[in-house]
Amino acid sequence: MEKEEVLRQYLSGERDFKQIDLCQVILCEANLPSINFSRSMLIQANLKGINFSEALLTEANLSRALLTEANLTQACLEKAILYKASMQLANLSRAILTKADLREVNLSEALLYQVSAKSAQLQGANLSQAILQRAFLREANLSHAVLSQANLQQVNLTYGDLRGADLRGVNLEGAFLVEANLQGANLEGANLNRAVLTGAIMPDGIYK
């Protein structure tokens, strides 16, 4: 389906665009709240500044897509593939990213307030200066991710994998890191005030 046809049908009231192929499509700045792109192919799509608030993107493939400054508030991206996507300054507040593939994604300075990302794959992701207050990241894999200067106040990282992560200057005040693995992580200047570290493996390999 072509971009023009999607926009025409959307403006006429259609919201269901499941399993369509829009690889490399240019939809930057488009206003498409509540659209259903579940299982659709959006590989390398230009979606800069798009409004995907409350959109259904379950199992969609957005590998290497450009989502800079996109609005994804309360969007459902469960099991979506966002490998190496560019999402700087994107707003994903209260979005669902359960079991999503976010390996090597660029989420620097993104807003992820209360995002739900249980078991998400974030290996090598760039989350520097991102806001993840009260995010649910239980069992998420953040090994070798960059989280320098990020705000993770009251985040739930129970059973999280943070091996080799860059946590310099990160705010983990009141965070839940129960049974988390931080072996090899860089915690220089990190704020761990009131963080719960029961059973966590710390950078020196010592259990808390």
Given points 7 Å out from each Cα along the Cα-Cβ axis, report the Gln19 to Met1 separation in nanometres with one decimal. 1.3 nm
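Sum -39500 (n - 2.57) across every DSSP H segment of at least 4 residues in the chain, then divide by the residue count to get the 222 nm mean residue ellipticity, nearest 500. Numbers along the way, then the final one.
Details: 1 runs with 9 residues, N = 208.
My calculation for the chain gives -1000 deg cm²/dmol from helical runs alone.
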With 0.36 nm assigned to each residue of separation and the Cα-Cα distance removed, Leu11 to Ser34 gains 7.0 nm
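If you rank Ile35, Ile43, Ile20 by fewest surrounding Cβ atoms within 10 Å, what's the result?
Ordered by Cβ neighbours within 10 Å, fewest first: Ile20, Ile43, Ile35.
Antiparallel as a % of all DSSP beta bridges within the chain, to the nearest 5? Spell out each step's value before the answer.
Working: 1 of 35 bridges.
Roughly 5 percent of the beta bridges in the chain run antiparallel, per DSSP.
So for the chain, considering every pair of alpha-carbon atoms, how many percent are separated by more than 23 Å? Don't skip to the end; give the middle numbers.
On the way: 8660 of 21528 pairs.
Cα-Cα pairs in the chain separated by more than 23 Å: 40 percent.
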Under 15 Å by backbone N from the virtual spin label 7 Å along Cα-to-Cβ at Tyr207, the residues of the stretch 169-183 are 178-183
Mind running the shape call on the stretch 102-208? Use the C-alpha gyration tensor, a ≥ b ≥ c as the square roots of the eigenvalues: rounded below 1.5 for a/c, prolate if a/b tops b/c, oblate otherwise. rounded
List the chymotrypsin sites (Phe, Trp or Tyr not before Pro) within the stretch 1-97 that fall in a DSSP loop (any state other than H, G, I, E or B) and whose Cβ has at most 11 other Cβ atoms within 10 Å. none
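Here, each number is a calculation from the coordinates, and none is a lab measurement. It should be emphasised that the depicted structure is a prediction, and the values quoted were computed from it without experimental measurement. Neighbour counts run over all protein chains shown; Cβ positions are idealised from the backbone, glycine included.
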